[in-house]
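Worksheet for the structure shown next.
Please treat every number below as a calculation from the coordinates, not as lab data. Here the structure is a predicted model, which is why all the values come from computation and not from measurement. Cβ: placed from backbone, ideal geometry, glycine included. Neighbour counts: every protein chain shown.
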């Protein structure tokens, strides 16, 4: 396993909580490919493509990432090839000839190239205008080899529940391959239009594979809607375990339906924003979670211990939580301080957390392991301790989140006992929001019939 594959695997398994891959079977097992994906999380995006695609992939990265010798060594060993952008330094764009020659050699060897045709990485859920670079590289590579490569472009949608949050979810969906051989006749006589057609096809594919917001100013509000509606489906209608339902499809349906409805009915926009924002702010003020407002039929909130044995088991696990907390808390706090005390662009937070956090945790784990061996002089005890560091750290984090969830349940129970009218108001506001989403879904469905 090379450096790039190792880092991709660590990122997927340790940094993110859940990585769901769909339609990977569409990726050919052999032959040259260009993977084109949306770009919402800087360096972590090529890592997610490499982890999920099942092929060895190189990628283009802006040359400014190679100026530092150590950084340059890391990127080159991770399969990066420098590309010289006009906006970075217009005097260096002539060096791109070497970059493109490297790309053509990759295809001639039957390998893969990862490209992000938006040309920029931004954290917001919007697909920016697709540039023509991917199509040009693909067509020029085939023209150079008399269309003998059988090169294909594979579109990929990378969707994050929260790009910068530790243990968040990633949903990766592969699209239908675009065969460059289909443009063999046209490319020779009409290269420009062929490039435009391929670029348009890439854009349409990525729009279908990603969640995209036209109303950028409503991103937070629509994010609230997603949370509320998914809780409704998951808890009220019993969709089953989280891993068994299609989180991406639900998000896409909500976004597409609400945006279509608001575009055609702009008069409802202010009502929708006010209704959703007030509800979520009210929850924040009461320090409650929307999951606990979902009606259970009897009108009473759930409160521990709903199942006594489960509650007993939870308390019995407390020593494991303490062990994981003591072993990881210092590294966790220092990592968080290193990231959040710096002025970092939103799109870079995820990669900073991964690399800075990884380095700090590695340092602390090494020191702790060495210290234990120094005092015990036992390889077996030290080895077992080292193996338990990561799983007990993850356990401590999950235990803490569950504990905070139970505190919210208790808070809801107290409010319910003293001020039932507040809970009724919340339930009514929530019902209005669900009705709005259902109305938008029905409107979108009827429009597309």
For this session: Can you tell me the order of 409-417, 23-31 when each peptide is scored by its average per-residue count of other Cβ atoms within 10 angstrom, highest first?
Result: 409-417, 23-31
For this session: Note the angle between two axes, namely the Cα long axis of helix 219-231 and the longest principal axis of the Cα atoms of the chain, as a number of degrees from 0 to 90, rounded to the nearest 10.
Result: 60
Exercise. Which order, highest average first, do 359-371, 341-353, 152-164 follow once you tally other Cβ atoms within 10 Å for each residue and take the mean per peptide?
Worked result: 152-164, 341-353, 359-371
Problem set entry | Mean separation of Cα contacts under 8 Å, 6 or more apart, over the residue count of the chain: relative contact order % | 17
Exercise. If you look at just the Cα atoms of segment 376-418, how large are its Rg and its Dmax in Å?
Worked result: 18.4, 59
For this session: Identify which of 202, 434, 114 has the largest mean-square fluctuation in a Gaussian network model of the chain, with springs joining Cα atoms closer than 10 Å.
Result: 434
For this session: Using only Cα positions of segment 138-185, each an equal point scatterer, no hydration layer, compute I(q)/I(0) via Debye at q = 0.14, 0.16, 0.29 Å⁻¹ and quote the log10 values to two decimals.
Result: -0.51, -0.57, -1.00
For this session: Would you mind computing, in nm to one decimal, how far apart the modelled labels at residue 26 and residue 186 are, each placed 7 Å from Cα along Cα→Cβ?
Result: 1.9
Exercise. For the residue pair residue 143 and residue 425, what label-to-label distance in nm results when each label sits 7 Å from Cα along the Cα-to-beta-carbon direction?
Worked result: 6.7
For this session: With the cut-off at 27 Å, report for segment 3-209 the share of all Cα pairs above it, as a whole percent.
Result: 27
Seminar exercise, completed: Expected sort for 20, 195 with the fewest Cβ neighbours (10 Å cutoff) up front is 20, 195
Problem set entry | residue 438-residue 70 FRET efficiency (beta carbon distance; Förster radius 56 Å; 0.05 resolution) | 0.55
For this session: Relative to the compact-globule scaling 2.2 N^0.38 Å, provide the ratio for the alpha-carbon radius of gyration of the chain.
Result: 1.13
Seminar exercise, completed: Taking the alpha-carbon centre of each part, the distance from segment 332-403 to segment 150-179 in Å is 28
Problem set entry | GNM flexibility winner over the chain from 261, 272, 314 (Cα, springs under 10 Å) | 314
For this session: Calculate how steeply helix 44-53 sits against the longest principal axis of the alpha-carbon atoms of the chain, using the helix alpha-carbon long axis, and give the answer as 0 to 90 degrees to the nearest 10.
Result: 80
Exercise. With axes computed from alpha carbons, what is the tilt in degrees of helix 349-376 against the longest principal axis of the chain, rounded to the nearest 10 within 0 to 90?
Worked result: 70
Exercise. What ranking do 232, 439 get, fewest neighbouring Cβ atoms within 10 angstrom at the top?
Worked result: 439, 232
Exercise. Which order results if 290, 101 are arranged by neighbouring Cβ count within 10 Å, fewest first?
Worked result: 101, 290
